[in-house]
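Okay, so here's the structure we're looking at.
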Amino acid sequence: MEETGPDAENGHLHLPAPVVEKASRWLPSLVWLVPLLAALIGATLVVKAILEQGPTVVVSFRTGDGLEPGKTKVKYKDVDIGLVRAISLSPDLSKVLVTIDMSKEARRFTAEDTRFWVVRPRVGASGVSGLGTLLSGAYIGVDAGKSAVTRNEFTGLERVPQVTGDQKGRQFTLHGESLGSIDVGSPVFYRRIQVGQVIGFDLDDKGRGVSVTVFVNAPYDRYVGVNTRWWHASGVDVRLDSNGFKLNTQSLTALLVGGLAFESISGQKPEASAPTGTSFLLASDQASAMREPDGMPITTVLYFDQSLRGLSPGAAVDFRGIVLGEVRSVGVEYDPAKKSFRMPVTVDMYPERLGKRFQQAMAADPDRNAGQAVLERMVSRGLRAQLRTGNLLTGQLYVALDFFPKAPDVKLDVSQYPMVMPTVPNSLDELQTQIASIAHKLDQVPFAEIGANLRDTLKSADTLFKQVDAQLMPEMKQTLGAARQTFGTAEVLLQKDSPVQSDLREALQQLTQTLQSLNALSDYLERHPEALIRGKQGERK
């Protein structure tokens with residue numbers, strides 16, 4: 001290779017200039033390709049992560065027991081759809097706010113009616129649940145909503161819902177006097193087959209009863225019609241009648257955790273199923289449920305001035321053997337006017353139990369409460385309430401309605417609520433009062449003085465008898481001897497063979513002959529009156 005350039009004379013060696021210039025021009029461009037490629041890959045991952053990121057929701061719970069950020073998962077049908085990112089307190093410290101990062105597939109879980117709850121080990125009426133969380137820890141369950149409106153803040157449920165959104169069936173509301181032994185998860189039976197469960201309960205608006213929400217699974221919901229009857233199946237129905245001893249219950253589960261049952265009046269499948277949300281009455285037992293409806297009750301108050309021991313809520317209100325109602329409550333009140341206590345008994349009476357004619361009368365005059373009108377007339381005729389003994393062994397009482405014509409007149413105020421119905425004392429109480437009055441009068445009798453006077457009288461009588469025995473008895477003996485002698489003489493005279501008897505017999509015979517002659521003379525004179533005239537004329541001459 002030849003030396004070229006101005007430095008060749010000085011002995012300096014130079015590499016070919018064209019080769020050196022080409023290498024230095026391309027090396028920097030290849031080096032910068034690596035970071036550019038890394039940045040491009042990173043941006044792609046970021047975009048992918050953003051595109052695959054799901055919604056973030058905040059759920060509030062009363063407590064954060066068992067929840068841990070970064071560990072607690074959100075599951076739907078045992079499939080992970082989210083993870084708890086953070087847990088914090090609400091500004092007023094009343095709630096726990098749980099921030100959840102949902103997966104991309106969980107976007108539909110932001111519907112407005114979506115429900116969240118914490119799954120922990122629980123023991124309830126429906127059984128034991130959440131045992132798997134003993135090892136894996138608690139997790140948040142979710143039920144997808146169906147609303148088109150979305151939101152990012154929810155209020156979590158404190159109880160695990162018994163029915164999820166994808167479960168087929170119908171929901172109904174039952175209204176009863178009390179909850180009994182029913183709880184969330186209690187079974188619902190149809191012909192002793194479990195067809196649903198209780199999903200909730202609450203007090204009525206006025207607090208006079210309870211509302212129970214039940215869910216009947218498909219296809220059994222078609223057996224619920226508009227006239228279906230519901231009752232508590234959690235007890236044991238024991239009856240002793242002319243047919244013998246009867247024991248009726250639904251199942252062992254119903255005995256332990258309670259339950260409800262339903263059936264149509266005809267016992268057959270109804271023609272039309274009841275729509276979702278239909279309300280029904282909840283009876284205490286099957287017999288009460290299958291009985292004809294009683295209509296609206298008339299609430300009245302009965303005031304008694306006697307002990308109510310043995311009278312309890314639920315006791316019958318009887319009208320000549322017909323149960324017209326039942327006792328609702330028993331209490332005590334102070335009467336400031338009389339300055340004494342009186343015992344109020346509140347009862348519910350069903351006038352429609354008086355028969356079909358009464359129901360027809362009520363239907364003929366719908367603008368007026370026929371039940372109150374009939375009750376007013378019956379009270380004016382002497383209808384009164386009275387406490388009577390229903391069981392001599394237990395001392396249980398019941399309220400009897402009957403007519404007492406001699407009872408004082410009372411005007412029933414139908415505008416007052418509740419109406420005050422007049423009462424009369426029990427006949428046994430009257431007898432006790434009379435006995436007590438007699439006993440009080442007997443206590444006032446001076447038995448001691450009477451006894452002393454009687455003792456003195458007996459002493460005087462004893463002295464008198466001694467005097468009689470000493471003085472009068474000899475004279476009485478002489479008198480009795482003379483009387484005996486006289487009776488003996490009379491007996492001798494009255495004997496058949498005695499002269500007196502013979503003379504007396506002859507005298508009677510002569511008297512009889514004389515009477516016969518007079519009779520014959522009288523007959524002759526009646527036939528010959530002229531003989532009497534001649535006789536008178538002869539006497540005149």
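Could you compute how much accessible surface Leu203 exposes when probed at 1.4 Å, giving the result in Å² to the nearest 10?
Counting only protein heavy atoms, Leu203 exposes about 110 Å² to solvent.
If you average the C-alpha positions of segment 300-342 and of segment 172-216 separately, how far apart do those two centres end up, in angstrom?
For segment 300-342 versus segment 172-216, the Cα centre distance is 31 Å.
Ignoring ligands, DNA and RNA, how do Trp117, Trp230 rank by accessible area with a 1.4 Å probe, largest first?
Trp117, Trp230
Can you check what the net charge comes to around Thr278, using other residues whose Cβ is under 14 Å from the Cβ of Thr278 (Lys, Arg +1; Asp, Glu -1)?
For residues surrounding Thr278, the net value is +2.
Using a Förster radius of 22 Å, what is the FRET efficiency between Leu97 and Leu45 based on their Cβ-Cβ separation? Nearest 0.05, please.
FRET efficiency, Leu97 to Leu45: 0.10.
Ordering Phe304, Phe465, Phe319 from largest to smallest accessible area (1.4 angstrom probe), what's the sequence?
Phe465, Phe319, Phe304
May I ask which of Lys73/Lys104; Lys104/Lys168; Lys338/Lys441; Lys95/Lys146; Lys339/Lys406; Lys75/Lys104 have a Cα-Cα span longer than 19 Å here?
Where the Cα-Cα span goes over 19 Å, the pairs concerned are Lys104/Lys168; Lys338/Lys441; Lys95/Lys146; Lys339/Lys406.
Ordering Ile450, Ile199 by how much accessible area each has at a 1.4 Å probe, largest first, what is the list?
Ile450, Ile199
The values are calculated or read from the model by the stated rules, or taken from the named source; none is laboratory data. Quick caveat, the model's predicted, so the values are computed rather than measured. As a convention, Cβ positions derive from the backbone with ideal geometry for all residues, glycine included, and neighbour counts pool all protein chains shown. Just so you know, the surface numbers come from the protein's heavy atoms only, side chains and all, with ligands and any DNA or RNA stripped out. Shrake-Rupley method; radii C 1.70, N 1.55, O 1.52, S 1.80 Å.
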